[in-house]
1. What is the gain in length, in nm to one decimal, between Lys105 and Val33 on full extension, counting 0.36 nm per residue of separation less the C-alpha to C-alpha distance?
2. List the aspartates and glutamates whose alpha-carbon lies under 17 Å from that of Lys109, not counting same-chain residues fewer than 8 positions away?
3. Using the Cβ atoms and a cut-off under 9 Å, what net charge is assigned to the surroundings of Cys73, where Lys and Arg are +1 and Asp and Glu are -1?
Amino acid sequence: MNKLVLGAVAALIAGGMAYAADVLPVLAGNTMVTKDANGESKTVINADKTYTSTDAKGVKTMGAVSEEGGKVCFTPAGKAKNCTADFAGHKVGDSFEVKMDDGTKYPVKLVAGH
């Protein structure tokens, strides 16, 4: 599930967007729900560019989120950064797949609120 946190893929979008650079200002306050073989995880992006991800077992991972080169990047505390450009064009209520730079893929649903 920690890879999920790297991707967490994080992220939550309150409105449409054309580029990743438009993503972070609208992420705060929503939830990204992802699934893998271990179950469902939820990630919340905060206004201060931090995130908290909770996996199916209730284990929480926190880190930083940033925008770099047209991608949204997640950096869990003490771990390597992992990025994706796959959030562009999505909004709350959308379900889609995210492919991270490390090659992992996750189905994502963006949900309003926490």
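1. Taking Lys105 through Val33 to full extension adds about 24.6 nm, to one decimal.
2. The qualifying aspartates and glutamates are Asp36, Glu40, Asp55, Asp86, Asp94, Glu97.
3. Here the charged neighbours net out to -1.
Read-outs throughout are calculated quantities, based only on the coordinates presented, and are distinct from any laboratory measurement. Remember, predicted model here, so these are calculated numbers, not experimental data. As a convention, Cβ positions derive from the backbone with ideal geometry for all residues, glycine included, and neighbour counts pool all protein chains shown.
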